Each structure stands twice: as C-alpha cells, then as structure tokens.
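Structure first, commentary second.
What follows is calculated from the coordinates using simple rules that are stated; it is not laboratory data. Given the structure is predicted, the values throughout are model-derived calculations rather than measurements. Reconstructed Cβ throughout: ideal geometry from the backbone, glycine too, with neighbour counts over all protein chains shown.
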Amino acid sequence: MSATLTSTADAPSANRYRRSQRILHWLMAIVIISALLIGLYCSYLVQGTPLRRALLDIHKSLGMTALILIAIRLPLRLSLGEPAYRRPLDVFSHYAARGAHILLYVLMIMMPLAGYTTSAAGGHDLPWFGVFQWPNLLPPDKSLERTAAIVHEYGAYCLYAVVTLHILAALWHHFARKDEVLQRML
C-alpha cells in the first residue's frame, strides 16, 4: 500500500516534473544561489578575518551540499526524464534550453569539486555546517590548489551568467511568451 502511495504522490502530471524533481530543483537553486552570493561577498572581504573564514565555511558547506544533491538529482533526471510539452518549443528555444541545462549540470558538478580540491590541496578545513569535517583525500599541493582555485573562480563567473540567463529565460517564457516552461517546475 505505501509503495502505491509513494509512487502516486510522486507521479508527474501530464506536463509537470515529478514532485521529487521539483523539490530537488528548488532546493538546489537555494543552495547554489546562496553559495554564489556568499562567495561573491567573501571576495570583497579581507583574507583571514573571522567573518570571511566563517562565511567561507558556510560557502564550503553549501558547495558540498550541492554536490550531494546533484549526485541524487542527475540519476533521477536521467531515469525519470522530463514531461512532454503541450506545445513543443521552437527549435532555437529547444536547443538553447538543452545547452543551458547541460552547462548547468556540468557546473553543478565541477564547482564543488574544484572548491573541494582548492581546500583539500591547500590543507584547509573542509567543514559541513560545523557538524563534521569532510575527509581530505588529497596531499598538500600548492600547484593543484592554485589550478583548482582558478577553475573555481572562472567557473563561478560562468555559473553567475548561466543561472542569471536561466532565471531570465524562465521569466521570459512565463510573462512574455506565456507558455508552460516555468509551470513545469512549479
């Protein structure tokens, strides 16, 4: 009986993503946007200050949370697919959305891994909200730390741009085109 309730509760409506996919989408949106804003703010703070260290610990915790969530979300997305559109997107919108989603998934994996590598290779703490420390699986390596930090920095610029475009595209579809794109994830 409970298996039936569970599968029924998560079943998609004809044109919406499953509840589990929608919850993961919005949870990851909160985690990623928070990490981006904290990371940006920290870039303006003096290195070594208590506030910057505390915020970077939260930033790292959010990044590792995003990595865990993407490890759940990606297989779910691949196994469940996406709902059909009532009215298919035009070719340009279809391929633009595909490209943006692929880039978002790549960045959602790359950014936490680059952040982890930066901290681990630099011998820095790897906290998770003060509950525990992630294991450091890398030996100290300043060259690897610098390379990972560069990847993380430029990846952040890409993520700012792609997330902004993703939000603007969803709003454009909803308010200008008045189609179902945003509704599929609500």
_Paramagnetic reach from Leu45 (point 7 Å along Cα→Cβ, amide N under 18 Å) across segment 123-162_ = 124-131, 153
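Can you work out the FRET efficiency for the pair Asn15 and Gln133, with r the C-beta to C-beta distance and R0 = 45 Å, to the nearest 0.05?
Between Asn15 and Gln133 the formula returns 0.55.
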*Report the local net charge at Asp179: Lys and Arg +1, Asp and Glu -1, summed over other residues whose C-beta lies under 11 Å from its C-beta.*
+3
*Place the peptides 67-80, 17-30 in order of packing, highest mean first, counting for every residue the other Cβ atoms within 10 Å and averaging per peptide.*
17-30, 67-80
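Taking the Cβ-Cβ separation of Ile68 and Glu153 as r and a Förster radius of 22 Å, what is the calculated FRET efficiency to the nearest 0.05? Walk me through the intermediate numbers first.
Numbers: r = 23 Å, r/R0 = 1.03.
Result of the calculation: an efficiency of 0.45.
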*Please list the helices of the chain that count as membrane-span-like by this rule: a mean Kyte-Doolittle hydropathy of at least 1.0 together with Cα atoms stretching 20 Å or more along the helix axis, each helix being a complete DSSP H run.*
19-42, 91-121
*Using all Cα-Cα distances in segment 18-185, what percent lands in each 10 angstrom bin from 0 up to the longest?*
9, 35, 32, 16, 7, 0
*Quick one: Cα convex hull volume of segment 48-116, Å³ per residue?*
114
*Could you put Val106, Val46 in order, starting from the residue whose Cβ has the fewest other Cβ atoms within 10 Å?*
Val46, Val106
